[in-house]
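See below for the structure under consideration.
The values are calculated or read from the model by the stated rules, or taken from the named source; none is laboratory data. These numbers were taken from a predicted model, which means no experiment stands behind them. Methodologically, a virtual Cβ is constructed for each residue, glycine included, from the backbone with ideal geometry; neighbour enumeration extends over all protein chains shown. For the accessible areas, the whole protein counts, side chains as well, though only heavy atoms, and no ligand, DNA or RNA atoms are used. Shrake-Rupley method; radii C 1.70, N 1.55, O 1.52, S 1.80 Å.
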Amino acid sequence: MDFREVRLRCDGPAPGGRRPASGGTVEKVRARQRELGLPEAFEWVAETTPGLRAAIEASGLEVHEHPLMVLTADADARPSPPHDVTVRMVGAADPALGSAVAAPYAAFGATPAPGVETQVAARIEAGLTRLAAAFDRSGTALAAGQHQPVGPVTEVVGVGTRPEARRRGLGLAVTAALVADARALGVETVFLTATDATVARLYARLGFRTAGTALIAEPPGQAG
């Protein structure tokens, strides 16, 4: 899923605080999103911006809670993939790029829109995205995911496994490869947003711990 970040001036834990976001402010942002052809969606951390939820819900958006998890400094779990699967990083010019890009979409019964593979390749070339995938012996990506480094911080996103390859630990193996790559790059903080508490328990096996609550707001019926 392609999230575009929108920043609002909201109340928070900083000394002196800030004026809470109003319904009018939220509506202005949504209008601008429509104007630019962007999804009408917001993502923020509940604990740092507690006053935003009321204004978001008043605008008619649905708010969903997800565990926000951070990798502990001493985490060292390295799950082994099945013997017939290879997990590796995928470069912009890799012949398997298309298959790796498509795998997380297939996890949700979808296919990438035209141009997505080119966009991912450009981001990899620019150092904005790192992509890992689990391949079967034929070279087809069964699972894949990305991390997006910005200085000393990176977010693991878009980890998905094809339905026919689930329950084999491939998602965790891909995530572990992304973590190893991030650390090799010198990244100090690795975080992700889990779908729910059940998924959070899986990521905990790799050393991720819940540090807060990520709130994602979207129009009704568009969650997922």
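Please report, in cubic angstrom per residue, the volume enclosed by the convex hull of the alpha-carbon atoms of the chain.
Numbers: hull volume 30.2 nm³, N = 224.
Per residue, the Cα convex hull of the chain comes to 135 Å³.
Counting other C-beta atoms within 10 Å, and keeping those with at most 13, which DSSP coil trypsin sites (Lys or Arg not before Pro) do you find in segment 161-208?
Arg167
Within the P(r) computed for segment 104-164, what percentage of the Cα pairs occupies the region above 15 Å?
56 percent
Answer rounded, prolate or oblate for segment 171-224, using the Cα gyration tensor with square roots of eigenvalues a ≥ b ≥ c: rounded when a/c is under 1.5, else prolate when a/b is larger than b/c, else oblate.
Taking the square roots of the gyration eigenvalues as a ≥ b ≥ c, segment 171-224 is prolate.
With every protein chain kept in the model, how would you rank Ser80, Ser59 by accessible area, 1.4 Å probe, largest at the top?
Solvent-accessible surface, decreasing: Ser80, Ser59.
Collect residues whose amide H, placed 1.01 Å from N in the peptide plane, falls under 5 Å from the amide H of Val159; neighbours closer than 5 in sequence don't count.
Those lying under 5 Å, H to H, from Val159 are Gln146.
So what is the 222 nm mean residue ellipticity for the chain from helices alone, if each DSSP H run of at least 4 adds -39500 (n - 2.57) and you divide by all residues, rounding to the nearest 500 deg cm²/dmol?
Details: 6 runs with 65 residues, N = 224.
Here the helix-only value at 222 nm equals -8500 deg cm²/dmol.
Principal axis lengths of segment 71-113 from Cα atoms, whole Å, largest first?
Ordered largest first, segment 71-113 gives principal extents of 39, 23, 22 Å.
Could you tell me whether segment 129-224 comes out rounded, prolate or oblate from its Cα gyration tensor? Rule is a ≥ b ≥ c as square roots of the eigenvalues, rounded for a/c under 1.5, then prolate if a/b exceeds b/c, otherwise oblate.
oblate
So which chymotrypsin sites (Phe, Trp or Tyr not before Pro) in segment 97-177 end up in coil per DSSP with only 14 or fewer other C-beta atoms within 10 Å?
Working: sites: Tyr105, Phe108, Phe135; in loops: Phe108.
In loop regions of segment 97-177 (DSSP not H, G, I, E or B), the sparsely surrounded chymotrypsin sites (Phe, Trp or Tyr not before Pro) are Phe108.
Rounded to the nearest 10 degrees, what's the angle between the helix 97-107 long axis and the longest principal axis of the chain, both from Cα atoms, 0 to 90?
60 degrees
Between Glu43 and Arg166, with labels modelled 7 Å along Cα→Cβ, what's the label distance in nm to one decimal, could you check?
For Glu43 paired with Arg166, the spin-label model returns 2.1 nm.
Given a 1.4 Å probe and every protein chain left where it sits, what share in percent of the accessible area of the chain is carbon and sulfur?
Carbon with sulfur: 52 percent of the solvent-accessible area.
Taking a ≥ b ≥ c as the square roots of the Cα gyration tensor eigenvalues, with a/c under 1.5 meaning rounded and otherwise prolate when a/b beats b/c, else oblate, which class fits segment 65-177?
rounded
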